[in-house]
1. From the list ARG232, ARG286, ARG225, which residue is among the basic types (Lys, Arg), surrounded by fewer than 24 Cβ atoms within 10 Å (Cβ to Cβ) and under 17 Å from ARG309 (Cα atoms)?
2. Name the pairs: first residue in segment 72-92 and without any contact (Cβ under 8 Å) to a residue 12 or more places away in the chain and within 18 Å of TRP34 (Cβ to Cβ), second residue hydroxyl-bearing (Ser, Thr, Tyr) and surrounded by 15 or more Cβ atoms within 10 Å (Cβ to Cβ), Cβ to Cβ under 8 Å, at least 6 apart or on different chains?
3. Restricting the first residue to segment 52-71 and requiring it to be assigned to a helix (DSSP H, G or I), which pairs with a second residue that is of a type in the set (Val, Ile, Thr) and crowded, with 24+ Cβ neighbours inside 10 Å meet a Cβ separation below 7 Å and a spacing of at least six or different chains?
4. Give all pairs with beta carbons closer than 6 Å in which a residue from segment 110-138 that is in contact (Cβ under 8 Å) with a residue 60 or more places away in the chain meets a residue that is surrounded by fewer than 21 Cβ atoms within 10 Å (Cβ to Cβ) and part of a helix (DSSP H, G or I); count only pairs at least 6 apart in sequence or on separate chains.
5. Kindly indicate which of THR259, THR282 is polar (S, T, N, Q), under 17 Å from LEU19 (Cα atoms), touching a residue at least 12 places away in the same chain (Cβ under 8 Å) and part of a helix (DSSP H, G or I).
6. Restricting attention to segment 144-162, which residues are not aromatic (Phe, Trp, Tyr) and not in a helix (DSSP H, G or I)?
7. Looking at ILE32, ILE93, which is the one that is crowded, with 20+ Cβ neighbours inside 10 Å, farther than 26 Å from SER329 by Cα and among the aliphatic types (A, V, I, L, M)?
8. Quick one: count up the residues across segment 185-215 that are assigned to a helix (DSSP H, G or I), surrounded by fewer than 16 Cβ atoms within 10 Å (Cβ to Cβ) and over 20 Å from the mean Cα position of the chain (by Cα).
Amino acid sequence: MAEQPAETTANLVGYGETLEAIREVQLASGMIPWYPGGHADPWNHVEAAMALSAAGEFAAAERGFAWLARTQLADGSWHAFYGEDGSVEEGRIDPNGVAYVATGVLHHLLTSGDVGFAEELFPVVDAALGFVVSLVGPQGEIPWSVEPSGRPGTFSLLAASSSIHQSLGSGARLAAALGRERPAWTAAAARVARLIRGGESFFADNRQFAMDWYYPALAGVLDLRCARARLRARAAEFVLPALGVLCRSDRRWVTTAETAECVVAFARVGWVAEASRLLTATEGLRHDDGSYTTGLVHPERSEFPSGERTTYSAAAVVLAADVLAAGPSASIFAPLR
């Protein structure tokens, strides 16, 4: 039996201009580039489609998923980057970007209740997660990248592996909702989780990046106690009060996407007041047309990259607002226990 869709909340009414900013960038093909004239990658493309779904913009979201279905490779993957004309801009494969379609399709089912569309997209998810599971190593590791030749990368990334864990779980939920069984996805998610919970020494050292700090909590890899301890331990390194979250602890660059994602991580551990303050901080990166600057360097507040307003940044804010208001996205990013 399909899961019941969550009720769409009215909290996203204030983000109408932001959603229009995403729709305006979406191409006739369904692709959602980072910005007009820019490239697209599968992960951020799905994130933008999820924001559209959360707001009830189902037709636009479905065009985005249809683009993924048309461009999926025979092995179930996608290339890392595509140009506006659909050409391959970077031929390697990002397993995290491949896996995220599962989270996106489950999210669309929960927001729209459209079982038929979920059934239509399930073969895409099935092939994508089949590709990802084929990469799982003896300790549960998944390489950060696969070269065009098929040679996997020699290391794994903590943030990407955490996101893959969430996507494997989302795929299992989607399969169950459609009356299917995919035990290999659940087993792979469990192996990835054990590796992450065992410590960070296995992964490439990216401790300076905020994503490595908050993603094990955001992606639901850790239980509530461990997630809170992890977030508390390094919050002072990354969170600038009233400004947002630094992309890197060794830089002065506050980014919209990292700030919004940290909102979700804080919400998942029950720190609602802190999450709300961070969401408010994103208003300092918002433009009158509803779009969001990728990031600001402080204290001078200079844009970096200069003039860049990204759809994935806008989408991250929309999803964070939806989670905080207990909207449909909270069904994906549920409170930890």
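The values are calculated or read from the model by the stated rules, or taken from the named source; none is laboratory data. Model, not experiment: these values are computed from the prediction. As a convention, Cβ positions derive from the backbone with ideal geometry for all residues, glycine included, and neighbour counts pool all protein chains shown.
1. On the way: ARG232 fails: under 17 Å from ARG309 (Cα atoms); ARG225 fails: under 17 Å from ARG309 (Cα atoms).
Checking each option against the conditions leaves just ARG286.
2. Partner pairs satisfying both residue conditions: VAL88/TYR82.
3. Partner pairs satisfying both residue conditions: LEU52/ILE22; SER53/THR111; ALA54/THR111; ALA54/VAL318; GLY64/ILE32; PHE65/VAL105; LEU68/VAL101.
4. Cβ pairs passing all conditions: LEU110/SER331; SER112/PHE58.
5. THR282
6. Answer for segment 144-162, where residues must be not aromatic (Phe, Trp, Tyr) and not in a helix (DSSP H, G or I): SER145, VAL146, GLU147, PRO148, SER149, GLY150, ARG151, PRO152, GLY153, THR154, SER156, LEU157.
7. Numbers: ILE32 fails: farther than 26 Å from SER329 by Cα.
Only one candidate passes the filter, namely ILE93.
8. Our first condition is that a residue be assigned to a helix (DSSP H, G or I); within segment 185-215, this holds for 185-197, 210-215.
Those left that are additionally surrounded by fewer than 16 Cβ atoms within 10 Å (Cβ to Cβ): 187, 190, 194, 197.
Narrowing further to those that are over 20 Å from the mean Cα position of the chain (by Cα): 187, 194, 197.
Residues meeting the conditions: 3.
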